[in-house]
């Protein structure tokens with residue numbers, strides 16, 4: 001199906017408008033495709049993101065370091081970490097460098113939970129399987145180009 005058919009809009013002002021609307025629509029579509037994968041764990045995508053970052057970090061991370069790795073930069077990282085701590089999936093440790101700060105680590109329970117997603121990589125990849133490897137590479141370059149544009153002053 002086409003974007004026009006999916007959202008019942010016969011035409012766009014121009015291809016730039018269509019591109020932006022298509023990115024937004026596709027984002028929401030991808031999130032819907034991922035819900036069954038995340039939903040089985042009772043994790044939000046932001047909680048999954050933090051646990052994945054913590055699992056792949058050789059050292060504890062500060063809230064600021066976690067925020068820099070987040071896919072959703074507007075997330076309230078501190079509250080998300082607090083929820084993970086309550087669930088026993090992450091742990092806060094007073095920073096050795098600065099006693100006013102806390103470092104966050106993943107707990108064994110959190111690591112075990114995040115390992116369940118390792119077997120779902122093919123399922124996640126299948127969301128974009130309509131693309132050839134070359135098309136996926138081109139799409140990634142185009143999306144990077146959009147994000148890296150020079151912002152107007």
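Under the condition of being outside any helix (DSSP H, G or I) and either touching a residue at least 12 places away in the same chain (Cβ under 8 Å) or in contact with a helix residue (DSSP H, G or I) (Cβ under 8 Å, 6 or more places away or on another chain) (or both), which residue from the stretch 10-33 is nearest to residue 86 (Cα to Cα)? Please lay out each step first, then the result.
Filtering the stretch 10-33 down to residues outside any helix (DSSP H, G or I) leaves 10-14.
Keeping just the survivors that are either touching a residue at least 12 places away in the same chain (Cβ under 8 Å) or in contact with a helix residue (DSSP H, G or I) (Cβ under 8 Å, 6 or more places away or on another chain) (or both) gives 10-12.
Working: 10: 48, 11: 48, 12: 47 Å.
It comes out as 12.
Would you confirm, using the coordinates I've provided, whether residue 122 is at pLDDT below 95, surrounded by fewer than 11 Cβ atoms within 10 Å (Cβ to Cβ) and over 27 Å from residue 139 (Cα atoms)?
Answer is no for this residue.
State yes or no: is residue 140 surrounded by fewer than 14 Cβ atoms within 10 Å (Cβ to Cβ), farther than 30 Å from residue 16 by Cβ, under 16 Å from the mean Cα position of the chain (by Cα) and at pLDDT 90 or above? If you could, list the steps in order and put the result at the bottom.
Working: surrounded by fewer than 14 Cβ atoms within 10 Å (Cβ to Cβ): yes; farther than 30 Å from residue 16 by Cβ: no; under 16 Å from the mean Cα position of the chain (by Cα): yes; at pLDDT 90 or above: yes.
Judged against the criteria, residue 140 is not a match.
Can you tell me which condition residue 105 does not meet? The list is (1) surrounded by 11 or more Cβ atoms within 10 Å (Cβ to Cβ); (2) part of a helix (DSSP H, G or I), and all the others hold.
Status for residue 105: all satisfied but (2).
Using beta carbons and a limit of 7 Å, which pairs, at least six apart or on different chains, have the first residue in the stretch 62-89 and without any contact (Cβ under 8 Å) to a residue 60 or more places away in the chain and on the phi > 0 side of the Ramachandran plot and the second one surrounded by 16 or more Cβ atoms within 10 Å (Cβ to Cβ) and not in a helix (DSSP H, G or I)?
88/107
Out of the stretch 116-142, which residues are under 29 Å from residue 80 (Cβ atoms) and either part of a loop (DSSP other than H, G, I, E, B) or without any contact (Cβ under 8 Å) to a residue 24 or more places away in the chain (or both)?
Matches in the stretch 116-142: 116, 117, 118, 119, 121, 122, 125, 126, 128, 139, 140.
Any residue at all in the stretch 37-57 that's surrounded by fewer than 12 Cβ atoms within 10 Å (Cβ to Cβ) and in contact with a strand residue (DSSP E or B) (Cβ under 9 Å, 6 or more places away or on another chain)?
Taking the stretch 37-57 as the starting set, the residues that turn out to be surrounded by fewer than 12 Cβ atoms within 10 Å (Cβ to Cβ) are 39-40, 42, 56.
Imposing the further condition that a residue be in contact with a strand residue (DSSP E or B) (Cβ under 9 Å, 6 or more places away or on another chain) reduces the set to none.
No: zero hits.
If you scan the stretch 58-75, which residues turn out to be out of contact with any helix residue (DSSP H, G or I) (no Cβ under 9 Å at 6 or more places or on another chain), farther than 11 Å from residue 104 by Cβ and surrounded by 10 or more Cβ atoms within 10 Å (Cβ to Cβ)?
Within the stretch 58-75, just 68 meets the criteria.
Identify all residues within the stretch 34-65 that are under 12 Å from the mean Cα position of the chain (by Cα) and part of a helix (DSSP H, G or I); write none if there are none.
34, 38, 45, 46, 47, 48, 49, 50, 51, 52, 53
Report yes if residue 101 is in contact with a strand residue (DSSP E or B) (Cβ under 7 Å, 6 or more places away or on another chain) and in contact (Cβ under 8 Å) with a residue 24 or more places away in the chain, otherwise no.
Spelling it out, residue 101 is indeed in contact with a strand residue (DSSP E or B) (Cβ under 7 Å, 6 or more places away or on another chain) and in contact (Cβ under 8 Å) with a residue 24 or more places away in the chain.
Kindly list the number of the only condition in (1) under 17 Å from the mean Cα position of the chain (by Cα); (2) surrounded by 14 or more Cβ atoms within 10 Å (Cβ to Cβ); (3) at pLDDT 90 or above that fails for residue 117.
The one condition residue 117 does not meet is (3).
The values are calculated or read from the model by the stated rules, or taken from the named source; none is laboratory data. For clarity, every value in this text was computed on a predicted model and none was experimentally measured. For neighbour counting, all protein chains shown are included, and Cβ atoms are generated from backbone atoms with ideal geometry for every residue, glycine included.
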